[in-house]
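Have a look at the structure below, then the notes.
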Amino acid sequence: MKKYIRSRILMTIEAIVIIGCMFMLNKSNNIVTVLSVASNTNLNKSVDLSVIQNTQSELFKEKDYNPVTTFVGELTGYAGDCPLCSGYLACPPRTNVLKEGIYYNDKTYGNIRIVASSKNYPCGTILRFNVNKLSEDPIIAIVLDRGVSGNVIDLLTESEDYARQHVGRVRNLEFEVLRKGWTK
């Protein structure tokens with residue numbers, strides 16, 4: 001009985017100390033500082049290795065999908081079959097989109113869309129943006145072409161007709177830069 005009472009008293013004191021530590025008032029600046037305290041009473045300290053591996057994979061993926069910076073611009077559409085287009089992209093690898101298609105397989109981001117930009121965004125830059133009329137999910141794209149100015153991003157589409165009918169011109173669109181150039 002004495003052990004039980006002693007453990008309850010110690011738990012009460014521990015709770016009071018934790019609560020006291022959570023809210024510390026800096027009287028000179030009238031700033032409240034909140035501290036986090038965690039305790040683990042689980043005596044079994046083993047952790048499943050697959051849980052650690054999955055957590056690390058998620059953290060790595062989150063790092064790749066956190067924006068480096070953002071900007072507001074316009075989205076337009078174009079195709080490799082336009083009257084002045086050769087079908088070849090300006091950035092290496094010089095791909096012929098008439099043969100290869102409108103997607104690029106990036107080592108980090110997988111199969112993503114191709115866009116053209118101004119020289120403000122180097123070749124290999126990865127962008128993420130949301131255009132609900134094109135996709136419910138955010139579109140992730142890579143800069144592999146040139147030919148536009150300022151903050152206009154030109155989305156490569158299957159044909160000029162598709163670009164006009166489905167993309168058009170989207171103004172004041174927020175773009176997230178996930179990678180600037182080929183390296184972050």
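The values are calculated or read from the model by the stated rules, or taken from the named source; none is laboratory data. Quick caveat: nothing in here was measured; it's all calculated off a predicted structure. Cβ placement follows ideal geometry from the backbone for every residue including glycine, while neighbour counts extend to all protein chains displayed.
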Every residue in segment 135-156 that is in a loop (DSSP other than H, G, I, E, B) and within 11 Å of Tyr78 (Cβ to Cβ), please. Gly147, Val148
From Ser118, Ser159, which residue is within 19 Å of Gly73 (Cα to Cα), surrounded by fewer than 17 Cβ atoms within 10 Å (Cβ to Cβ) and touching a strand residue (DSSP E or B) at 6+ places or on another chain (Cβ under 8 Å)? Ser118
Those residues of segment 121-132 which are β-branched (Val, Ile, Thr), buried (at least 18 other Cβ atoms within 10 Å of the Cβ) and not in a strand (DSSP E or B), in sequence order: Thr125
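Here is a yes/no grid of residues against (1) closer than 18 Å to Asp64 by Cα; (2) outside the structural domain of Leu84 (by TED's automatic domain parsing); (3) among the aromatic types (Phe, Trp, Tyr):
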{"site": "Ile102", "(1), (2), (3)": "no, no, no"}
{"site": "Tyr109", "(1), (2), (3)": "yes, no, yes"}
{"site": "Ala116", "(1), (2), (3)": "no, no, no"}
{"site": "Lys119", "(1), (2), (3)": "no, no, no"}
{"site": "Asn130", "(1), (2), (3)": "yes, no, no"}
{"site": "Ile139", "(1), (2), (3)": "yes, no, no"}
{"site": "Asp145", "(1), (2), (3)": "no, no, no"}
{"site": "Asn151", "(1), (2), (3)": "no, no, no"}
So, in segment 157-184, exactly how many residues are acidic (Asp, Glu) and in a strand (DSSP E or B)? 2
Expected single match for touching a Leu at 6+ places or on another chain (Cβ under 8 Å), of a type outside the set (A, V, I, L, M, F, W, C) and at pLDDT below 95 among Gly101, Gly110, Gly80 is Gly80
A careful count of residues in segment 100-114 that are more than 11 Å from Leu89 (Cα to Cα), in contact (Cβ under 8 Å) with a residue 40 or more places away in the chain and part of a loop (DSSP other than H, G, I, E, B) gives 2
From the set of residues in segment 133-156 that are without any contact (Cβ under 8 Å) to a residue 40 or more places away in the chain and over 20 Å from Lys107 (Cα atoms), which is surrounded by the most Cβ atoms within 10 Å (Cβ to Cβ)? Leu134
Listed by first then second residue, the pairs whose first member lies in segment 83-96 and is at positive phi, whose partner is surrounded by 10 or more Cβ atoms within 10 Å (Cβ to Cβ) and among the acidic types (Asp, Glu), with beta carbons under 9 Å and at least 6 positions apart or on separate chains, are Gly87/Asp81
